[in-house]
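The values are calculated or read from the model by the stated rules, or taken from the named source; none is laboratory data. What you see is a predicted model, and the numbers here were worked out from it, not measured in a lab. Virtual Cβ from ideal backbone geometry, glycine too; neighbours counted across all protein chains shown.
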Amino acid sequence: MKQVYRLIVICIGFIHSPSATAQRYLKNVIPYQNHISLTTSNDTHIRAEITSQPSPDTYISNKIWYYWYYKDTIIQAQSTYHGKLLHGDYREFFSNWKPKVMGKFYYGKKVGEWKFWDDSGIIRKTSHWNNGQKTGLFRLYNEKGILIQKGKMRDGKLHGIIKAYSQEDSIGISRQKFKNDKLIKKEKKNQISNLFNKLTTLF
């Protein structure tokens with residue numbers, strides 16, 4: 001009788017072991033992710049994905065902005081977070097449901113391409129993010145959707161050639177070279193320095 005009892009226990013343990021292993025595997029590979037839907041006081045509709053898992057970062061930088069969801073509110077702060085991190089697709093819409101903002105988060109940090117529109121549906125800005133900082137190509141557009149400035153950033157700073165364009169036809173009229181936010185070379189085809197400085201402050 002004792003031998004039969006031992007055999008049953010062994011069989012049950014064998015059956016349940018793979019299930020436990022699978023659960024641990026899924027938890028590591030597929031983060032617990034939920035969708036949230038809310039409307040702000042200014043009638044902006046937000047659709048986003050969040051995760052209940054903590055950031056995998058071993059070091060929380062004081063230069064990085066983290067975004068998280070807590071008590072029906074999306075909060076942002078540097079070097080800290082408390083709540084469920086935004087993780088996945090993020091979208092904002094105006095009250096008329098035209099797109100306002102579109103991008104992605106990775107454990108609370110902005111990543112990839114982000115797009116911004118005005119309430120008439122005209123795209124006004126695109127930017128690229130890496131590990132929570134503006135890095136890569138950005139473009140600015142006027143109210144007609146015409147390109148007026150483009151360039152690159154690295155770790156949140158202007159870095160490389162920045163071009164300003166005529167607001168009438170998107171023909172290049174100015175080139176300025178930056179290194180870590182410092183102007184190191186300027187090339188002007190005509191007097192547009194005030195325009196360039198104004199556009200730079202918008203980003």
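With the condition kept exactly as written, say whether any residue in region 28-36 is more than 28 Å from N131 (Cβ to Cβ), at pLDDT 90 or above, touching a strand residue (DSSP E or B) at 6+ places or on another chain (Cβ under 9 Å) and not aliphatic (A, V, I, L, M). No - not one qualifying residue is present in region 28-36. Apart from one condition, T51 fits all of (1) within 21 Å of I148 (Cβ to Cβ); (2) touching a Leu at 6+ places or on another chain (Cβ under 8 Å); (3) polar (S, T, N, Q); the exception is (1). The residues in region 35-44 that are surrounded by 11 or more Cβ atoms within 10 Å (Cβ to Cβ) and in contact (Cβ under 8 Å) with a residue 40 or more places away in the chain can be counted, and the count is 1. Do you know which of the residues in region 124-159 that are aliphatic (A, V, I, L, M) and under 17 Å from the mean Cα position of the chain (by Cα) is surrounded by the most Cβ atoms within 10 Å (Cβ to Cβ)? Result: M153.
Residues that are under 25 Å from K152 (Cα atoms): list the strands (runs of 3 or more DSSP E) wholly contained in region 40-138 that include at least 1 such residues.
Strands (runs of 3 or more DSSP E) meeting the threshold: 65-70, 73-78, 84-93, 99-106, 109-117, 123-130.
For (1) over 21 Å from T126 (Cβ atoms); (2) at pLDDT below 60; (3) among the hydrophobic types (A, V, I, L, M, F, W, C), each residue gets a yes or a no:
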| residue | (1), (2), (3) |
| --- | --- |
| G160 | no, no, no |
| Y165 | no, no, no |
| N180 | yes, no, no |
| T200 | no, yes, no |
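Taking the conditions exactly as written (more than 16 Å from T51 (Cβ to Cβ) and loosely packed, with under 15 Cβ neighbours inside 10 Å), does E92 satisfy them or not?
no
For region 45-56, the set of residues classified as surrounded by 12 or more Cβ atoms within 10 Å (Cβ to Cβ) and either of a type in the set (S, T, Y) or touching a Phe, Trp or Tyr at 6+ places or on another chain (Cβ under 7 Å) (or both) consists of H45, A48, I50, T51, S52, Q53, S55, listed by residue number.
A quick yes/no check of all residues on (1) under 25 Å from D43 (Cβ atoms); (2) at pLDDT below 95:
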site: T80; (1), (2): no, yes
site: F93; (1), (2): yes, no
site: P99; (1), (2): yes, no
site: M102; (1), (2): yes, no
site: Y107; (1), (2): no, no
site: I123; (1), (2): yes, no
